[in-house]
Amino acid sequence: MGAIRSSQVDYPINSISEHVYKDLKRDILSGDLQPGTRLIVTEIAGNYKISQAPVREALERLKQEGLIVGIPNKGSVVSTITAKEIKDIYVLREIIEGFAVRQSMPLLTEADYSYLQGIISEMDIANKQNEMLRILELDMDFHGFFYKRCDNQAVLELWNHMRTKVMRFMAISNRHYTTEVLADWHLLLIDALRSGDADAAEAAFIGHMHAYKMIDLD
């Protein structure tokens with residue numbers, strides 16, 4: 001079984017489940033918990049010196065996100081992600097993110113740009129502090145902004161469905177490539193948006209995706 005961190009949790013009772021959830025999610029995304037690893041409730045509860053209830057709550061959240069699955073006779077295990085899944089997701093993402101960017105561009109305000117700049121600043125801080133999960137969440141917040149801003153519920157639902165798988169692949173790719181350039185890459189995307197050229201902006205976003213898409217999963 002993959003390593004599950006041991007921790008004496010000194011948090012209020014209503015935040016214990018959140019703490020376990022974040023730890024397990026980070027370990028799955030970082031690869032410390034590999035696909036197929038069993039997540040045993042009693043073992044996790046023992047490591048954290050807590051009851052089983054918050055552990056079950058944390059595992060249920062991870063199931064809802066697709067990071068773990070329930071398998072007969074095994075219980076909860078870390079789910080797999082294949083090269084085919086990644087390819088399919090990125091084909092879809094190129095189509096709908098390009099649409100979302102085009103639809104959002106005429107609507108963007110200075111407040112929107114300030115919000116996006118703020119995400120990039122936080123991304124740079126998270127990178128300096130080596131907070132991988134935070135970097136991934138911020139990256140998803142940046143791109144997810146356009147799925148929300150384009151005002152198309154169907155597009156937003158597609159994004160919400162694939163967000164976690166995109167994060168997982170990003171985590172794999174970030175083990176091969178440095179995250180130090182991520183903030184700069186996103187600044188270039190803002191420059192493309194400010195240009196007012198929808199074709200150039202869409203091409204910039206798709207090119208940004210391609211930097212990850214070509215990375216081998218092995």
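FYI, it's all coordinate maths here, none of it is from the lab. The structure presented is a predicted model; accordingly, all values stated were derived computationally and were not measured. For neighbour counting, all protein chains shown are included, and Cβ atoms are generated from backbone atoms with ideal geometry for every residue, glycine included.
With no solvent and one point on each alpha carbon, what is the Debye value of log10 I(q)/I(0) for the chain at q = 0.11 Å⁻¹? For the requested q values the scattering log ratios are -0.59.
Against the chain, whose longest principal axis is taken from its Cα atoms, helix 83-104 shows a tilt of about 40°. Taking θ as phi - 60° and the Karplus parameters 6.51, -1.76 and 1.60, the scalar couplings of the range 161-169 work out to 6, 9, 3, 5, 5, 5, 4, 5, 5 Hz in sequence order, x denoting glycine and proline.
Near ILE71, once Lys and Arg are set to +1 and Asp and Glu to -1 for all other residues with Cβ below 12 Å from its Cβ, the sum equals +3.
Couplings 3J(HN,Hα) of the range 42-59, computed from phi: 5, 5, 5, 4, x, 4, 8, 6, 9, 6, 6, 4, x, 5, 4, 5, 5, 5 Hz, in residue order, whole Hz [Karplus 6.51 cos²θ - 1.76 cosθ + 1.60, θ = phi - 60°; x for Gly and Pro]. In plain terms, the residue of PHE142, PHE99 with the fewest other Cβ atoms within 10 Å comes first and the most crowded comes last, giving PHE99, PHE142.
FRET efficiency for the ASN73 to HIS210 pair, using the beta carbon distance and R₀ = 41 Å, is estimated at 0.50. The residue among HIS161, GLY207, ILE71 whose Cα reaches farthest toward the positive pole of the charge dipole of the chain, with charges on the beta-carbon of Lys, Arg, Asp and Glu, is ILE71.
Using just the helices of the chain, give the 222 nm mean residue ellipticity in deg cm²/dmol: DSSP H runs with n ≥ 4 each add -39,500 (n - 2.57), and the total is spread over all residues, rounded to 500.
-23000 deg cm²/dmol
Multiplying the residue separation of LYS84 and ASP32 by 0.36 nm and subtracting their alpha-carbon distance yields 16.5 nm. For ILE68, the amide hydrogen comes within under 5 Å of the amide hydrogens of LYS63, SER79, counting only partners 5 or more places away or on other chains and with H modelled in the peptide plane. Dipole size of the chain about its Cα centre, with +1 on Lys/Arg Cβ and -1 on Asp/Glu Cβ: approximately 860 debye, rounded to the nearest 20.
Among VAL78, VAL91, which comes first, second and so on when ranked by fewest other beta-carbon atoms within 10 Å? Mind showing how you got there, number by number?
Working: VAL78 21, VAL91 10.
Result, fewest neighbours first: VAL91, VAL78.
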